Amino acid sequence: MNPIDVPLRWRDLDTNGHVYHGTYLTLLDEARSRWLRSGLGLTCADSHLIARLEIDYVSELTADAESVAVDCAIEHLGNTSLRTAETMRTPDGTVVARSAAVVVFWDRETRKSAAPPAEDRARLESALAAQQGS
């Protein structure tokens, strides 16, 4: 799957001229949401919560990069959740962060976790199989 490009914004910078560490999470979230919606085509993409988030800051990210490219992949698929593996790179390919998130699908009416619709489940299983080369 193609990486998701996310532009950097002036407000993303701290007083040292590099992207503030908390902003990495916002950039990853934007990429992850676009990946779920557009990359995977999930109808339930807007009904999810983050239950866990891990991040390793690998290298400095400055405004000179102008944008980042985020690769998202499914690491594990559960009944009502999935675990992602995400890598954020500058346009020259430098890895600036690696992240993992547990995404829980959410039913807004019951306010509880819920299995994704059957067509979304099929898309998730297909994407996972493609990643594993089967």
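The values are calculated or read from the model by the stated rules, or taken from the named source; none is laboratory data. These numbers were taken from a predicted model, which means no experiment stands behind them. Counting neighbours? That spans all protein chains shown, and the Cβs are built from the backbone with ideal geometry, glycine included.
Report whether or not GLY41 is on the phi > 0 side of the Ramachandran plot, surrounded by fewer than 18 Cβ atoms within 10 Å (Cβ to Cβ) and not in a strand (DSSP E or B). So GLY41 fits the description; yes. Selection of the stretch 82-113 for residues being within 26 Å of VAL58 (Cβ to Cβ), among the hydroxyl-bearing types (Ser, Thr, Tyr) and surrounded by fewer than 20 Cβ atoms within 10 Å (Cβ to Cβ) yields THR87, THR90, THR94.
Does ILE50 satisfy the criteria of being closer than 21 Å to ASP107 by Cβ, β-branched (Val, Ile, Thr) and either modelled with pLDDT of 95 or more or touching a Lys or Arg at 6+ places or on another chain (Cβ under 9 Å) (or both)? Yes; evaluated as a whole, the condition is true for this residue. You will find that of ALA97, ALA115, the residue that is more than 24 Å from ARG11 (Cβ to Cβ) and modelled with pLDDT of 95 or more is ALA115 and no other. Looking only at the stretch 40-65, residues that are touching a strand residue (DSSP E or B) at 6+ places or on another chain (Cβ under 7 Å) and over 30 Å from SER113 (Cβ atoms) come to 6 in all.
The residue list THR87, THR43, THR23 contains one member that is more than 16 Å from the chain's Cα centre (by Cα) and of a type in the set (Val, Ile, Thr), which is THR43. Highlighted here are the strands (runs of 3 or more DSSP E) found entirely within the stretch 44-93 that include at least 1 residues which are out of contact with any Leu (no Cβ under 6 Å at 6 or more places or on another chain) and without any contact (Cβ under 8 Å) to a residue 40 or more places away in the chain: 67-77, 81-89.
Scanning the stretch 31-43 finds no residues that are more than 28 Å from GLY133 (Cβ to Cβ) and touching a residue at least 24 places away in the same chain (Cβ under 8 Å). Which condition breaks for GLU60 when tested against (1) among the acidic types (Asp, Glu); (2) in contact with a His (Cβ under 7 Å, 6 or more places away or on another chain); (3) surrounded by 15 or more Cβ atoms within 10 Å (Cβ to Cβ)? So GLU60 meets the others, but not (3).
For ALA73, the stated conditions do not hold, so it cannot be described as more than 14 Å from PRO3 (Cα to Cα) and of a type in the set (Gly, Ala, Ser).
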